[in-house]
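See below for the structure under consideration.
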Amino acid sequence: GPGGRRGGRTDMALRCAASLAAGRQPRGPRREGTVRWSSAAKASAVKINEKASREKILTLESMNPQVKAVEYAVRGPIVLKAGEIEKELRKGIKKPFTEVIKANIGDAHAMGQRPITFLRQVVALCTYPNLLDSPSFPEDAKKRARRILQGCGGNSLGSYTASQGINCIREDVASYIERRDGGVPADPDNIYLTTGASDGISAILKILISGGGKSRTGVMIPIPQYPLYSAAISELDAIQVNYYLDEENCWALNVNELRRALNEAKAYCNPKVLCIINPGNPTGQVQSRKCIEDVIHFAWEEKLFLLADEVYQDNVYSEGCQFHSFKKILYEMGPEYYNNVELASFHSTSKGYMGECGYRGGYMEVINLHPEIKGQLVKLLSVRLCPPVSGQAAMDIVVNPPVPGEESYAQFIKEKESVLNNLAKKAKLTEDMFNKIPGVHCNPLQGAMYAFPQIFIPSKAIEEAKAHKMAPDMFYCMKLLEETGICVVPGSGFGQREGTYHFRMTILPPVEKLKILLEKVKDFHIKFLEKYA
């Protein structure tokens, strides 16, 4: 091509430089004895090498600014610091503690929770079908594994599936939703299997966001929120619209607050999405039926697309609290609502009693989508081919567990109830112990798997945090980590009302470890108050 000759010499010089670096003799017209490089070739090779390492194409200045704006507190600076401390402990560097306790993320198995036997049996059978002949696996597990494998190309978990997920698993999800919601119909065609719930939430947001300037899409999210939402909104360059949960009233959601947030946002964006997390993360509240009706009416009235993040639907602990799905309440409110409100609901294998975070299994049910948008959504999902197939299999067991009369039922129910009863005990223990600490207040943990206590931080500590260019609760959490080895996430990573400070801590550690952890937090907090009084 044009200029093709020009690169010849440079290529030659580079090749020679590479050969030299590798300790090889450069090829070339062979004379007797050693080959001598002309000094010009050497200089030219050195110059080229210098130039090669001079400027990177991808720098903080040239990178995608939306990605740069993303923050994800649950794996943020505090967790990186915890990792450094763990390395130091392994090297034998002395600390005032012997291990780092990671209470920053809802990772049940990492905290010692045992997997559900039946789920693991089915996934094992799907992964290694030779085990189908083994007498050590129960028949009900084999039956499910065979059904899943029949839905896979070549009867193998190693083949791609349809973008929406394996058909028979989507049928099982639809049946599960119908059972859960007392007979409200569910259509497998509205079910999309996803890589954890996160993948579904990101996909729906991606397809919803459009416009520029004042008509850019606004996404209403609860504060405090799970940072996946703010991260996805940043990445997609949408507008985050905050509505505040009422901490005085057990983190309840108030429609007047939704209205305030919506009306203020209309001045600078086009709010068209409303996200709800129920049960709440990080706040643990379980929404009442009346509250859900109010929210649905508000979405219908204001023409908002509803996102219901319901991954903690199995995690409800408080007396008098019950999980109601948005889909069920929407249906019971009558056809005017049920046929019009656009709703995407999300669930996952990662939480509940399963705690199977690593499989990345999940699903979303999307109802009242415009028929043409359905095609667009499937197209968008098909770009990532399909969710992990082992995760799809794990999701199937969550929605299609052993039933009374099957041989694995007794053990399954025992394991499931043991996990949930344990979590309920730990929720109460955590709330009680936090509320005994001066300068700490914790709302009842009605559901999910976190405490989000409010902490009093003295003004001296706030000044010191500012001097370190840190949010006051980040400063508090760093000190807690450095002095006790306990890793929690500052409330500023989730959002909180101006002038209030919190942290999020999971209640997943085993009871004995949790008691020690809470005692350590108590001792630390009292010392912290004394130091900065």
For the stretch 90-107, 3J(HN,Hα) per residue [Karplus equation, 6.51 cos²θ - 1.76 cosθ + 1.60, θ = phi - 60°, Hz, x = Gly/Pro]: 5, 7, x, 6, 6, 10, x, 8, 9, 8, 8, 9, 8, 9, 8, 9, x, 10
Largest-first ellipsoid semi-axes for the stretch 360-469, taking √(5λ) over the Cα gyration tensor eigenvalues, angstrom: 41, 29, 13
Hits among lysines - C-alpha to C-alpha of K531 under 19 Å, sequence gap 8 or more where chains match: K460, K466, K479, K520, K522
Simple spin-label estimate for I526 and K87 in nanometres, 7 Å along Cα-Cβ: 3.6 nm
Proximal charge balance of S348 [Cβ under 11 Å; K/R count +1, D/E count -1]: -3
Formal net charge of residues neighbouring T283 (Cβ-Cβ distance under 13 Å; K, R +1; D, E -1): -3
Distance between modelled label sites at N249 and H297, nm, 7 Å Cα→Cβ extension: 1.4 nm
Under-5 Å amide H pairs with I105, H placed in peptide plane, nonlocal only: T506
Peptides ranked, highest mean first, by Cβ atoms within 10 Å: ranges 373-381, 294-302: 294-302, 373-381
Loop GluC sites (Glu not before Pro), the stretch 325-414, which have at most 15 other Cβ atoms in a 10 Å radius of their Cβ (DSSP): E407
Accessible-area order (highest first, 1.4 angstrom probe) of the listed residues H525, H109: H109, H525
Anisotropy class of the stretch 147-284 from Cα gyration tensor, a/c 1.5 cut: prolate
Unsatisfied cross-links (Cα-Cα over 22 Å) in the set K266/K469; K327/K414; K303/K327; K102/K515: K266/K469; K327/K414
Three-way shape label, the stretch 117-399, alpha-carbon gyration tensor, a/c 1.5: prolate
Estimated FRET transfer efficiency when R0 is 56 angstrom, pair M333-A467 (beta carbons, to 0.05): 0.55
Along each principal axis, Cα extent of the chain, largest first, Å: 94, 67, 58
DSSP bridge orientation in the chain - percent antiparallel, rounded to nearest 5: 50 percent
For H502, distant residues with modelled amide H under 5 Å away: I455, G491, S492
Theoretical gain in end-to-end length, E512 to N421 [0.36 nm per residue, Cα-Cα removed]: 31.2 nm
Neighbourhood charge, 14 Å Cβ-Cβ cut-off, centred on A232 and excluding it, Lys, Arg +1 and Asp, Glu -1: -4
A252 long-range amide H proximity, modeled H, under 5 Å: D246
In order through the stretch 135-152: 3J(HN,Hα) via Karplus (6.51 cos²θ - 1.76 cosθ + 1.60), integer Hz, x for Gly, Pro: x, 7, 10, x, 5, 5, 6, 5, 4, 5, 4, 4, 5, 5, 5, 5, x, 9
Extension gain, L80 back to N167 (0.36 nm per residue minus Cα-Cα distance, nm): 27.3 nm
Reachable aspartates and glutamates, given that their alpha-carbon falls under 12 Å from the alpha-carbon of K527 and they are not under 8 places away in the same chain: E483
Cα-based reach from K91 at 13 Å (exclusive), listing aspartates and glutamates while leaving out same-chain residues under 8 positions away: E99
Percent of beta bridges antiparallel (DSSP, the stretch 117-399, rounded to nearest 5): 40 percent
Förster-model FRET efficiency, 56 Å R0, R114 and K266, C-beta, rounded to 0.05: 0.65
Computed accessible area, R289, all protein chains, 1.4 angstrom probe, square angstrom: 80 Å²
5 Å binning of all Cα-Cα separations within the stretch 242-282, expressed as whole percents from 0 upward: 5, 20, 31, 22, 13, 7, 1
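The values are calculated or read from the model by the stated rules, or taken from the named source; none is laboratory data. In this text, all values refer to a predicted model and were calculated from it rather than measured experimentally. FYI the Cβ positions are ideal-geometry reconstructions off the backbone, even for glycines, and counts take in every protein chain you see. Each accessible area value is taken on the protein alone, full model and side chains, heavy atoms only, with ligands, DNA and RNA left out. Shrake-Rupley method; radii C 1.70, N 1.55, O 1.52, S 1.80 Å.
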